[in-house]
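Chemist: Have a look at this one before I ask anything.
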Amino acid sequence: NAGVTQTPKFQVLKTGQSMTLQCAQDMNHNSMYWYRQDPGMGLRLIYYSASEGTTDKGEVPNGYNVSRLNKREFSLRLESAAPSQTSVYFCASSEAGTGKSFRGTDTQYFGPGTRLTVL
Amino acid sequence: AQSVTQLDSQVPVFEEAPVELRCNYSSSVSVYLFWYVQYPNQGLQLLLKYLSGSTLVESINGFEAEFNKSQTSFHLRKPSVHISDTAEYFCAVSDRNTDKLIFGTGTRLQVFP
């Protein structure tokens, strides 16, 4: 099993350009997440998806859109990149999902990250 | 709203010395607590978690953490660290109302020979 995979690993954009970060998991997990990691700020949740067809905003959603294409894939789109979006982006997944009895207990599995620089 | 405080941004320590990484949380409801580790240029991976029961939880590589409800803390300890423990450690909290994790700002553990 590959676990959680992310593409690309590195990307440099100019201000105003758009791009999509791809994430896929092969663990049949219900929930998927997008985080950004900035120095001194830990990980902050951008968007998450509790199940196929549903998405919800996290702590820092502005400037981003997401698509839960199917159960395996969850993409993050920057429509008009800004230097403030320079960061390392992590995708994660967990077994949790709507209807599960014990929410909040599941381990999240992380991808290797995408390092994005916006000039 | 939940929050997690990791007061130490960096902890330097010599190999074979003991270490404690501090984590305090703020929540008015019952919580679940996690420690994740991030090795250089990698994603995060779970180190250990507290869900219920015994307040002392252990990982397979010698780390342990104790849930202290009265002090709202979940400090991570290891009696003797190894060079390979050099990494960034994140404390996180969730509760039964959500599957979202709230992360602390991380503590960079640097182990010197």
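The values are calculated or read from the model by the stated rules, or taken from the named source; none is laboratory data. Remember, predicted model here, so these are calculated numbers, not experimental data. Don't worry about glycine lacking a Cβ; one is built from the backbone with ideal geometry, like all the others, and counts go over all protein chains shown.
Chemist: Within the range A:44-58, is there a residue that is of a type in the set (S, T, N, Q), modelled with pLDDT under 95 and in a strand (DSSP E or B)?
Modeler: yes
Chemist: Among the candidates B:V4, B:V37, single out the residue that is crowded, with 17+ Cβ neighbours inside 10 Å, within 13 Å of chain A (Cβ to nearest Cβ), part of a strand (DSSP E or B) and touching a Leu at 6+ places or on another chain (Cβ under 6 Å).
Modeler: Answer to the check: B:V37.
Chemist: Can you tell me which condition B:Y89 does not meet? The list is (1) modelled with pLDDT of 95 or more; (2) over 22 Å from A:Y109 (Cβ atoms), and all the others hold.
Modeler: Unmet condition: (2).
Chemist: Residues in the range A:59-68 that are in contact with a helix residue (DSSP H, G or I) (Cβ under 9 Å, 6 or more places away or on another chain) and either of a type in the set (V, I, T) or not in a strand (DSSP E or B) (or both): how many?
Modeler: Residues in the range A:59-68 being in contact with a helix residue (DSSP H, G or I) (Cβ under 9 Å, 6 or more places away or on another chain) and either of a type in the set (V, I, T) or not in a strand (DSSP E or B) (or both): 1 in total.
Chemist: Say whether the condition of being over 20 Å from A:R103 (Cβ atoms) and buried (at least 20 other Cβ atoms within 10 Å of the Cβ) is met by at least one residue in the range B:51-61.
Modeler: no
Chemist: Say whether the condition of being buried (at least 19 other Cβ atoms within 10 Å of the Cβ) and more than 9 Å from every other protein chain (Cβ to nearest Cβ) is met by at least one residue in the range B:97-108.
Modeler: Yes, the range B:97-108 has at least one match.
Chemist: So B:V31 ticks every box in (1) modelled with pLDDT of 95 or more; (2) within 11 Å of chain A (Cβ to nearest Cβ) but one. Which box is left unticked?
Modeler: B:V31 satisfies every listed condition except (1).
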